[in-house]
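Undergrad: Here you go, one structure.
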Amino acid sequence: MKLADQAVKHYSKKAIDEDNLSLIVESNARTIAEDIYKQILDHKKLKSEGYLESDVRESKPYVEQYNISLSFGEEPVLLESQVDTFSAKLMYGQFKKACHSKYRFDSSDEARLAYLLDRDKSVKDWLRPAPNQFEGLYWRDAEGESNHRYEPDFIVELKDEIVMVEVKPEIEIGELNVQAKKQTAEKYCEVVNKNIGKFGIEKKWRYIIIPTDRITINSTTEGLLK
């Protein structure tokens, strides 16, 4: 409310009268809201218990399972069978390094990345986190009205680190909600890294967003996870 009041005072200096001020504010409402939200993001303190340092606790000794439903007669297909399309409409299975037996993907880019991860020698294992895998990992939407559980697209274990991965089209990366998730995940990784050697944490964690146009059949995991 304080920032909104400041914005109105700023535009009142340019307005002829109250009616003109209302018109100016209404015409610039979205820009004003985005500017205010950016200021809030820059100065807010994250307090969800999943990533408060004082609340870090022993991690789950198991991987949460997916409840994935199969249509009648549907069978998981191999990633290798879809190299040309990587259709997001299919169920995939028989992975070499995944932590679950089958997955659905939200896009062909995610399926293509899974294919690359599953066959790369530098990858120890990978998973698509189930909804309850990261308890307390929440982000606040651009309207600031509610918290949402954050589920990264992939968790990838390498020799010396674990990488939390989000897959997004380049045009969406700058959106406020995507940046809010990024800030939440980076804070989570920061707190985890301060507790290496405790709570069963053995490797450092890192968060990245991979633009979809970088995920090609000839991409390398090393290049994508930089």
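Undergrad: Filter the stretch 146-165 down to the residues that are crowded, with 19+ Cβ neighbours inside 10 Å and within 12 Å of the chain's Cα centre (by Cα) and list them by number.
TA: Within the stretch 146-165, Y150, P152, D153, F154, I155, V163, M164, V165 qualify.
Undergrad: Next question, about the same structure. Do we have any residue at all in the stretch 181-191 that's aliphatic (A, V, I, L, M) and part of a strand (DSSP E or B)? Walk me through it before giving the result.
TA: The first filter runs over the stretch 181-191 and keeps only residues aliphatic (A, V, I, L, M), leaving 185, 191.
Now restrict to residues that are part of a strand (DSSP E or B): none.
Checked against the condition, which is being aliphatic (A, V, I, L, M) and part of a strand (DSSP E or B), the stretch 181-191 yields no hits at all.
Undergrad: Right, another one. Within the stretch 189-213, work out how many residues are over 18 Å from L158 (Cβ atoms) and not small (G, A, S).
TA: 9
Undergrad: Take the residues of the stretch 92-102 that are at pLDDT 95 or above and either among the aromatic types (F, W, Y) or part of a loop (DSSP other than H, G, I, E, B) (or both): which is surrounded by the most Cβ atoms within 10 Å (Cβ to Cβ)?
TA: Filtering the stretch 92-102 for residues that are at pLDDT 95 or above and either among the aromatic types (F, W, Y) or part of a loop (DSSP other than H, G, I, E, B) (or both), the one surrounded by the most Cβ atoms within 10 Å (Cβ to Cβ) comes out as Y92.
Undergrad: If I ask for residues that are assigned to a loop (DSSP other than H, G, I, E, B) and either touching a Ser or Thr at 6+ places or on another chain (Cβ under 7 Å) or at positive phi (or both), which ones from the stretch 103-126 would you list?
TA: The initial filter retains those residues of the stretch 103-126 that are assigned to a loop (DSSP other than H, G, I, E, B), namely 104-107, 120-124.
Answer for the stretch 103-126, where residues must be assigned to a loop (DSSP other than H, G, I, E, B) and either touching a Ser or Thr at 6+ places or on another chain (Cβ under 7 Å) or at positive phi (or both): D120, S122, V123.
Undergrad: Further question on the same structure: Which residue is modelled with the lowest pLDDT, if the candidates are limited to the stretch 186-216 and must be more than 27 Å from E172 (Cα to Cα) and touching an Asp or Glu at 6+ places or on another chain (Cβ under 8 Å)?
TA: Among those that are more than 27 Å from E172 (Cα to Cα) and touching an Asp or Glu at 6+ places or on another chain (Cβ under 8 Å), it is F199.
Undergrad: Could you please let me know if K45 is among the basic types (K, R), modelled with pLDDT under 75 and closer than 23 Å to F134 by Cα?
TA: Working: among the basic types (K, R): yes; modelled with pLDDT under 75: yes; closer than 23 Å to F134 by Cα: yes.
Spelling it out, K45 is indeed among the basic types (K, R), modelled with pLDDT under 75 and closer than 23 Å to F134 by Cα.
Undergrad: Give the stretch 120-136 a look and list any residue that's of a type outside the set (A, V, I, L, M, F, W, C) and either more than 19 Å from K226 (Cβ to Cβ) or under 18 Å from the mean Cα position of the chain (by Cα) (or both), or say none. Talk me through it step by step, then tell me what you get.
TA: If we filter the stretch 120-136 for residues that are of a type outside the set (A, V, I, L, M, F, W, C), which is where we start, we get 120-122, 124-125, 128-129, 131-133, 135-136.
Of everything in the stretch 120-136, those that are of a type outside the set (A, V, I, L, M, F, W, C) and either more than 19 Å from K226 (Cβ to Cβ) or under 18 Å from the mean Cα position of the chain (by Cα) (or both) turn out to be D125, R128, P129, P131, N132, Q133, E135, G136.
Undergrad: Check E151 against each of (1) touching a residue at least 60 places away in the same chain (Cβ under 8 Å); (2) farther than 16 Å from F86 by Cβ and name the one condition it does not meet.
TA: Tallying (1) touching a residue at least 60 places away in the same chain (Cβ under 8 Å); (2) farther than 16 Å from F86 by Cβ, E151 fails exactly one: (1).
Undergrad: Something else now. Among what's in the stretch 133-163 and is among the aliphatic types (A, V, I, L, M), part of a loop (DSSP other than H, G, I, E, B) and closer than 15 Å to K181 by Cβ, pick the residue that is modelled with the lowest pLDDT. Break it down stepwise before answering.
TA: Of all residues in the stretch 133-163, those among the aliphatic types (A, V, I, L, M) come to 137, 142, 155-156, 158, 162-163.
Okay, now just the ones that are also part of a loop (DSSP other than H, G, I, E, B), so 137, 142, 158.
Retained after the next criterion (residues that are closer than 15 Å to K181 by Cβ): 137, 142.
On the way: L137: 78, A142: 61.
If we take residues in the stretch 133-163 being among the aliphatic types (A, V, I, L, M), part of a loop (DSSP other than H, G, I, E, B) and closer than 15 Å to K181 by Cβ, then A142 is modelled with the lowest pLDDT.
Undergrad: For the condition surrounded by 15 or more Cβ atoms within 10 Å (Cβ to Cβ) and either touching a Cys at 6+ places or on another chain (Cβ under 6 Å) or in the same structural domain as I215 (by TED's automatic domain parsing) (or both), what is the one hit in R119, R128? Let's see the steps before the verdict.
TA: Working: R119 fails: surrounded by 15 or more Cβ atoms within 10 Å (Cβ to Cβ).
Answer to the check: R128.
Undergrad: Could you grab me the full set of residues in the stretch 168-195 that are among the β-branched types (V, I, T) and more than 18 Å from W205 (Cβ to Cβ)? It would help to see each step written out before you state the result.
TA: Within the stretch 168-195, the first condition is being among the β-branched types (V, I, T), and the residues that meet it are 171, 173, 178, 184, 191-192.
Correct list: I171, I173, V178.
Undergrad: Name the residue that is modelled with the highest pLDDT, counting only residues in the stretch 57-75 that are more than 20 Å from the chain's Cα centre (by Cα) and of a type in the set (A, V, I, L, M).
TA: The extreme case among them is I68.
The values are calculated or read from the model by the stated rules, or taken from the named source; none is laboratory data. Bear in mind that the values here come from a model prediction, so they are computed numbers and not experimental data. In this analysis, Cβ positions are derived from the backbone assuming ideal geometry, glycine residues included, and neighbour counts consider all displayed protein chains.
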